[in-house]
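Heads up, the thing below is written out as structure tokens.
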Amino acid sequence: MSPQDFQTVVVVGNGMVGYKFCEKLLAKTKAFRVVVFGEEPRHAYDRVHLSEYFNGKSADDLSMSHLGWYREHNIDLHLGDPIMEINRTEKTIHSQKGVSLAYDYLVLATGSSAFVPDIPGVEKDGVFVYRTIEDLDLIQHYAKAARVGAVLGGGLLGLEAAKALIDLGMEETHVIEFAPRLMPRQIDSAGSAMLQSKLESLGLHVHLNKSTSSIAGGDTIKGLAFADDTSLEVDILVISAGIRPRDELAKLAGLETGTRGGIVVNEQMQTSDASIFAIGECALYDGMIYGLVAPGYEMAEVVAAQLCAGQRAFTGYDMSTKLKLIGVDVASFGDPFVTEPDSRSIVFEDSHKGIYKRINISNDGKYLLGGVLIGDADAYNLLLQTVNNNIVLPPNPEDLILGARGGEASAGAGVASLPDEALICSCEAVSKGDICSAVTDLSVMNVEGMKKCNKAGTGCGGCVPLVKDLINETLKANGTYIKNVVCEHFDYARQELFDLVKMHNIRTYDDTLDQLGKGDGCETCKPVVASILASLWNDVIVKQHTIQDSNDRYLANIQKGGSYSVVPRIPGGEITPDKLIVIGQVAKKYGLYTKITGGQRIDLFGAHLNDLPDIWEELIDAGFESGHAYGKALRTVKSCVGSTWCRFGLHDSVSFAIEVEERYRGIRAPHKIKGGVSGCVRECAEAQSKDFGIIATEKGWNLFVGGNGGSKPQHAQLLATDIDKETCVKYLDRYLMFYIKTADSLTRTATWLNKMEGGISYLKNVIINDSLGINAQLEAEMAALVNSYHCEWKEVVDNPELRKQFSHFVNAPKEKDPNVQFDTMREQVKAKEW
Amino acid sequence: MDTIVAAAVEWVFVCTTSDIPQNGGGCVKVGDEQIAVFNFSRRGEWYATQNLCPHKQQMVLSRGMIGSTGDTCEPKVACPFHKKTFSLLSGECLTGDDYELKTYPVKVEGDQVYIGIE
């Protein structure tokens with residue numbers, strides 16, 4: 001086909017809808033020559049977010065595309081050159097700058113202009129409309145010298161304009177509305193009242209039932225006079241009294257227009273001339289002008305489809321909308337006004353927080369018809385979907401606006417319940433099915449990717465949270481939640497692997513890999529499986545020493561320079577003078593640096609690998625045992641001195657700490673576990689910063705769980721109050737075993753609890769009320785671990801084969817690593833710098 | 001195992017097969033040099049690299065966990081200090097750093113393990 005064979009489509013108007021038409025047409029076909037005429041000097045920009053121009057967004061930021069886009073698509077773009085005449089007989093157009101052109105199809109996307117009522121004085125300086133970037137530039141310039149601003153019109157655009165005046169630094173901003181309430185087209189009167197009081201509390205002055213009779217002043221505006229003989233002094237006025245369709249060109253060409261403006265179109269968006277279409281705010285369909293961008297885009301789609309011989313019709317459009325007006329959420333969806341006897345309404349009103357919610361439901365209670373949300377519109381997307389897809393309501397539809405109460409799980413319809421046809425992004429006509437298949441088939445993983453893929457969320461942006469939920473839900477459903485999988489060798493989350501190893505009674509890493517994994521393993525899955533095996537069977541871990549993490553492999557903490565540190569257990573921080581002396585003697589003999597740890601014990605640093613078994617032999621002979629400072633296991637249970645010495649102590653916290661520490665010593669978990677026991681509410685043991693904390697009360701003990709120090713400190717949460725010791729231990733057994741079985745690897749109890757759906761109340765239900773019916777099992781499993789306790793260092797010391805593992809050179813077992821070297825500081829050794 | 005070795009390689013006996021744990025490593029002393037020897041018994045392969053981790057200059061690689069990665073099951077070792085991983089075949093750092101390990105050919109005859117030193 002040669003260029004002259006192309007049919008010519010001329011688009012009059014380069015606003016959002018005119019631009020969208022070009023985009024949609026060119027996405028379908030390259031078979032047209034497209035010529036665009038725009039009146040404004042700029043190419044199409046996002047008028048919906050115009051007020052962001054005052055928050056630092058530039059004209060470029062608001063732009064719908066770049067100039068290069070028009071070039072790349074061979075679009076002939078004439079800016080600043082409005083069409084003056086259409087000759088329908090010859091099918092030609094003539095522009096202001098003198099361009100004449102023949103067309104095959106003409107698309108009128110001339111939009112609308114601000115309606116300026118005929119009030120004496122509107123011509124004065126300081127009176128503006130709010131429509132284009134040029135208007136904004138003028139307002140911005142004039143506002144510098146203004147103190148008091150007013151907006152004529154309390155509709156959606158008027159409130160946007162008021163926001164702009166506030167942003168420009170007006171000391172006072174007034175909104176003047178002729179009707180008895182704000183936003184009468186979108187929300188009901190109770191909603192208006194709530195919105196008004198919320199806006200007034202933010203400093204906006206609202207005047208209702210005010211008819212402006214004249215604008216006072218000489219050349220420049222000085223004030224407003226009203227029909228009720230009141231007046232208001234203002235320095236700047238922005239008129240936002242509605243829109244007027246730009247139909248003058250159509251009228252001139254003899255096309256049919258409405259009595260109150262607008263170019264009459266049929267379902268195909270055809271005007272009274274079959275080769276001329278009208279779309280957007282200039283089009284009058286079924287007696288209605290659609291003043292929102294989404295229906296405009298739908299009209300553009302209808303025409304683009306027509307030109308490609310497709311079948312698509314415009315049959316009216318949902319005018320639901322959600323906005324943030326001066327920081328207040330406002331949403332209206334479906335039929336917001338329907339009342340009895342045609343429907344029933346559920347209304348929630350909280351004048352303290354400025355929240356108003358109304359939903360209208362069918363008389364049989366099955367379907368949602370529409371509603372209004374003021375102050376909190378989080379539920380908007382799901383409510384809109386519920387209306388549009390005729391989803392049957394849950395038995396307690398009030399939960400949709402009140403949220404689930406009484407600790408029950410959320411009642412509303414989740415994204416999962418939406419049908420595939422559900423329109424998620426109405427601006428770009430993207431359905432749930434489109435989004436889900438982009439995730440499944442095209443591996444789109446996030447909102448940014450989705451925007452690139454099908455433009456979902458690029459229009460008004462209101463659907464972005466829903467798009468995000470859908471992406472995550474679909475990823476989850478597809479099982480591609482990579483984070484949860486152990487590593488490339490095991491396609492299981494830790495919890496699944498734990499259950500499978502138990503079910504198959506697997507005892508070694510190699511068998512686990514052979515039966516449940518693939519490849520040769522790695523430094524991620526080896527310690528995870530090692531920990532699972534230890535938590536399940538409690539065998540001596542160094543029997544499989546090559547799968548243990550760095551510290552577990554040699555039952556000591558590797559330190560800078562390649563030496564190790566040794567921490568004997570000192571339960572509850574209580575130690576006899578004789579044992580203190582032994583620690584001192586051992587440290588001296590092996591040249592070790594000693595330091596008191598944060599967990600009330602003593603760390604001995606600088607041990608050669610070869611010396612570890614000898615050091616431990618001496619410690620064990622003196623009655624010490626391993627402190628598991630190297631393991632993801634119970635570390636210490638810190639205690640205050642308690643009632644045996646302290647004059648405030650209520651109970652014997654030291655004895656309880658020792659009992660608990662000895663109960664759980666050696667038990668391996670997804671991460672380390674620390675505990676604390678305080679003898680009174682002064683909390684000297686800092687038990688609330690531990691994975692479990694026990695604090696004495698007059699009547700017994702309070703048990704706290706899920707606390708953490710470290711990089712993200714958080715207080716533990718109260719699990720049970722005034723319980724006796726036996727109950728406390730029972731709850732601890734269940735809690736710890738539940739954690740060991742279900743947490744992801746390297747997840748502390750605090751993070752585990754933070755991520756738990758339902759949080760502490762869910763955990764309470766499991767641990768105290770046995771809501772899962774697993775408590776007997778948890779207790780039995782814990783008992784098995786407690787009863788199979790062994791000091792793993794004693795096992796090594798007594799076993800020559802295991803001892804052999806602790807040498808640096810396999811071909812010179814007696815030789816120490818010559819690279820381990822020390823400096824001296826404050827009469828002790830320290831590791832040489834890296 | 002097949003190893004293509006440049007001409008002047010001296011095969012040095014370093015230890016017996018039972019000295020190196022299965023699917024793990026051990027450190028051998030060759031002159032003043034420390035060499036990490038790995039017994040990848042799961043694959044029936046032996047590897048040897050320098051024992052020094054180039055990241056923080058620590059003589060610890062023989063104490064690291066071994067494993068494999070990727071579609072080709074590239075054998076690797078992870079340093080026990082900061083889990084930098086290195087290919088046992090090429091010595092290349094697999095965790096994105098610009099380090100490289102020296103690797104040595106290994107020969108097993110009976111229960112005798114030899115390392116090829118240039």
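When you go through A:Lys30, A:Lys57, A:Lys20 one by one, which is the residue that is out of contact with any strand residue (DSSP E or B) (no Cβ under 7 Å at 6 or more places or on another chain), among the charged types (D, E, K, R) and crowded, with 20+ Cβ neighbours inside 10 Å? I'd like the intermediate steps shown before the answer.
Working: A:Lys30 fails: crowded, with 20+ Cβ neighbours inside 10 Å; A:Lys57 fails: crowded, with 20+ Cβ neighbours inside 10 Å.
Selected residue: A:Lys20, the only one of A:Lys30, A:Lys57, A:Lys20 that is out of contact with any strand residue (DSSP E or B) (no Cβ under 7 Å at 6 or more places or on another chain), among the charged types (D, E, K, R) and crowded, with 20+ Cβ neighbours inside 10 Å.
The rows are residues; the columns are (1) at pLDDT below 95; (2) crowded, with 24+ Cβ neighbours inside 10 Å; (3) within 37 Å of the chain's Cα centre (by Cα).
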position: A:Arg635; (1), (2), (3): no, yes, yes
position: A:Val660; (1), (2), (3): no, yes, no
position: A:Ser678; (1), (2), (3): no, yes, no
position: A:Ala687; (1), (2), (3): no, yes, yes
position: A:Phe692; (1), (2), (3): no, yes, yes
position: A:Val705; (1), (2), (3): no, yes, yes
position: A:Leu732; (1), (2), (3): no, no, yes
position: A:Thr742; (1), (2), (3): yes, no, yes
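Looking only at the range B:71-93, which residues are more than 8 Å from every other protein chain (Cβ to nearest Cβ) and not polar (S, T, N, Q)? Steps first, please.
Restricting attention to the range B:71-93, the residues satisfying the condition of being more than 8 Å from every other protein chain (Cβ to nearest Cβ) are B:71-72, B:74, B:77, B:79, B:82, B:84, B:86-93.
Those that are more than 8 Å from every other protein chain (Cβ to nearest Cβ) and not polar (S, T, N, Q): B:Asp71, B:Glu74, B:Val77, B:Cys79, B:His82, B:Lys84, B:Phe86, B:Leu88, B:Leu89, B:Gly91, B:Glu92, B:Cys93.
Considering (1) without any contact (Cβ under 8 Å) to a residue 60 or more places away in the chain; (2) not in a loop (DSSP other than H, G, I, E, B), the lone condition that A:Val347 does not fulfil carries the number (1).
Is it the case that B:Asn23 is touching a Leu at 6+ places or on another chain (Cβ under 8 Å) and either within 10 Å of chain A (Cβ to nearest Cβ) or more than 19 Å from A:Ile558 (Cβ to Cβ) (or both)? Steps first, please.
Values: touching a Leu at 6+ places or on another chain (Cβ under 8 Å): no; either within 10 Å of chain A (Cβ to nearest Cβ) or more than 19 Å from A:Ile558 (Cβ to Cβ) (or both): yes.
For B:Asn23, the condition - touching a Leu at 6+ places or on another chain (Cβ under 8 Å) and either within 10 Å of chain A (Cβ to nearest Cβ) or more than 19 Å from A:Ile558 (Cβ to Cβ) (or both) - is not met.
Can you tell me which of (1) loosely packed, with under 15 Cβ neighbours inside 10 Å; (2) within 30 Å of B:Gly25 (Cβ to Cβ); (3) free of Cβ contacts under 8 Å to residues at least 24 places away in the same chain; (4) of a type outside the set (Lys, Arg) is the one A:His790 doesn't meet? Checking A:His790 against (1) loosely packed, with under 15 Cβ neighbours inside 10 Å; (2) within 30 Å of B:Gly25 (Cβ to Cβ); (3) free of Cβ contacts under 8 Å to residues at least 24 places away in the same chain; (4) of a type outside the set (Lys, Arg), the one that fails is (3). Exactly one residue out of A:Glu833, A:Glu801, A:Glu757 is open to solvent by 20 Å² or more (accessible area, probe 1.4 Å), within 14 Å of chain B (Cβ to nearest Cβ) and either among the polar types (S, T, N, Q) or part of a loop (DSSP other than H, G, I, E, B) (or both): that is A:Glu833.
Only residues in the range A:182-200 that are without any contact (Cβ under 8 Å) to a residue 60 or more places away in the chain count as the first member; pair them with residues that are polar (S, T, N, Q), Cβ under 6 angstrom, at least 6 apart or cross-chain, and list the lot. Close Cβ pairs satisfying both conditions: A:Leu182/A:Ser192; A:Leu182/A:Gln196. For the residues A:Gln544, A:Gln515, the requirement of being open to solvent by 30 Å² or more (accessible area, probe 1.4 Å) and more than 10 Å from every other protein chain (Cβ to nearest Cβ) singles out A:Gln515.
For the residues A:Gly599, A:Gly572, the requirement of being under 44 Å from the mean Cα position of the chain (by Cα), away from chain B (no Cβ under 14 Å) and assigned to a loop (DSSP other than H, G, I, E, B) singles out A:Gly599.
If we keep just the residues of the range A:293-321 that are of a type in the set (Ser, Thr, Tyr) and under 33 Å from the mean Cα position of the chain (by Cα), which is nearest to A:Ala278 (Cα to Cα)? My answer is A:Tyr297. It is to be established whether one or more residues within the range A:157-169 are open to solvent by 40 Å² or more (accessible area, probe 1.4 Å) and at pLDDT 90 or above. No, that holds for no residue.
Tally the residues that are of a type in the set (Gly, Ala, Ser) and part of a helix (DSSP H, G or I), restricting the search to the range A:1-50.
Result for the range A:1-50: 2.
In the range A:82-96, the condition of being surrounded by 20 or more Cβ atoms within 10 Å (Cβ to Cβ), touching a residue at least 12 places away in the same chain (Cβ under 8 Å) and either of a type in the set (Lys, Arg) or part of a loop (DSSP other than H, G, I, E, B) (or both) is met by no residue.
Restricting attention to the range A:551-561 and to residues that are part of a helix (DSSP H, G or I) and within 13 Å of A:Ala629 (Cβ to Cβ), the residue that is farthest from the other protein chains (Cβ to nearest Cβ) turns out to be A:Asp552. Within the range B:95-118, the set of residues being closer than 12 Å to B:Ala48 by Cα and open to solvent by 70 Å² or more (accessible area, probe 1.4 Å) comprises just one member, B:Lys102.
Those residues that are at positive phi and either polar (S, T, N, Q) or buried (at least 19 other Cβ atoms within 10 Å of the Cβ) (or both), I need them from the range A:316-347; list them, please. Explain how you work it out, then say what you get.
Our first condition is that a residue be at positive phi; within the range A:316-347, this holds for A:316, A:326-327, A:334.
A:Ile326, A:Gly334 - these are the residues of the range A:316-347 that are at positive phi and either polar (S, T, N, Q) or buried (at least 19 other Cβ atoms within 10 Å of the Cβ) (or both).
Taking the criterion of being more than 20 Å from A:Val387 (Cβ to Cβ) and in contact with a strand residue (DSSP E or B) (Cβ under 6 Å, 6 or more places away or on another chain), the only residue of the range A:418-456 that qualifies is A:Asn454.
Answer yes or no as to whether A:Gly773 is open to solvent by less than 80 Å² (accessible area, probe 1.4 Å), over 25 Å from A:Gln559 (Cβ atoms) and either outside the structural domain of A:Lys588 (by TED's automatic domain parsing) or more than 33 Å from the chain's Cα centre (by Cα) (or both).
Details: open to solvent by less than 80 Å² (accessible area, probe 1.4 Å): yes; over 25 Å from A:Gln559 (Cβ atoms): yes; either outside the structural domain of A:Lys588 (by TED's automatic domain parsing) or more than 33 Å from the chain's Cα centre (by Cα) (or both): yes.
So A:Gly773 fits the description; yes.
Among A:Gly406, A:Gly412, A:Gly457, which is in a loop (DSSP other than H, G, I, E, B), at pLDDT 80 or above and either within 24 Å of A:Lys324 (Cβ to Cβ) or open to solvent by 30 Å² or more (accessible area, probe 1.4 Å) (or both)? Walk me through how you get there before you give the answer.
Values: A:Gly406 fails: at pLDDT 80 or above; A:Gly412 fails: at pLDDT 80 or above.
Sole residue among the options that is in a loop (DSSP other than H, G, I, E, B), at pLDDT 80 or above and either within 24 Å of A:Lys324 (Cβ to Cβ) or open to solvent by 30 Å² or more (accessible area, probe 1.4 Å) (or both): A:Gly457.
No other residue among A:Glu267, A:Glu281 is without any contact (Cβ under 8 Å) to a residue 60 or more places away in the chain, farther than 23 Å from A:Thr92 by Cβ, open to solvent by 20 Å² or more (accessible area, probe 1.4 Å) and not in a strand (DSSP E or B) apart from A:Glu267.
Kindly indicate the residue of the range A:514-529 that is touching a residue at least 24 places away in the same chain (Cβ under 8 Å) and not in a loop (DSSP other than H, G, I, E, B) and also farthest from the chain's Cα centre (by Cα) among those meeting that condition. If we take residues in the range A:514-529 being touching a residue at least 24 places away in the same chain (Cβ under 8 Å) and not in a loop (DSSP other than H, G, I, E, B), then A:Leu516 is farthest from the chain's Cα centre (by Cα). When A:Trp537 is tested against (1) open to solvent by less than 20 Å² (accessible area, probe 1.4 Å); (2) within 43 Å of the chain's Cα centre (by Cα); (3) not assigned by TED's automatic domain parsing to the domain that holds A:Pro670, exactly one condition is not met: (1).
Kindly establish whether A:Gly572 is closer than 15 Å to A:Leu555 by Cα and buried (at least 22 other Cβ atoms within 10 Å of the Cβ).
Working: closer than 15 Å to A:Leu555 by Cα: no; buried (at least 22 other Cβ atoms within 10 Å of the Cβ): yes.
Against the criterion (closer than 15 Å to A:Leu555 by Cα and buried (at least 22 other Cβ atoms within 10 Å of the Cβ)), A:Gly572 does not qualify.
Name the residue that is nearest to the other protein chains (Cβ to nearest Cβ), counting only residues in the range B:41-61 that are open to solvent by less than 10 Å² (accessible area, probe 1.4 Å) and in contact with a Ser or Thr (Cβ under 9 Å, 6 or more places away or on another chain). Can you show your working first?
In the first step, residues of the range B:41-61 are kept if they are open to solvent by less than 10 Å² (accessible area, probe 1.4 Å); the result is B:48-49, B:51, B:53, B:60-61.
Imposing the further condition that a residue be in contact with a Ser or Thr (Cβ under 9 Å, 6 or more places away or on another chain) reduces the set to B:48-49, B:51, B:60-61.
Working: B:Ala48: 12, B:Thr49: 15, B:Asn51: 9, B:Val60: 5, B:Leu61: 11 Å.
Once the filter is applied, the top-ranked residue is B:Val60.
The values are calculated or read from the model by the stated rules, or taken from the named source; none is laboratory data. Note that the structure is a prediction, hence the values are computed from the model and not measured. Using ideal geometry, Cβ is built from the backbone for each residue, glycine included, and neighbour counts are taken over all protein chains shown. Side chains included, ligands, DNA and RNA excluded: accessible areas come from the protein's heavy atoms. Shrake-Rupley method; radii C 1.70, N 1.55, O 1.52, S 1.80 Å.
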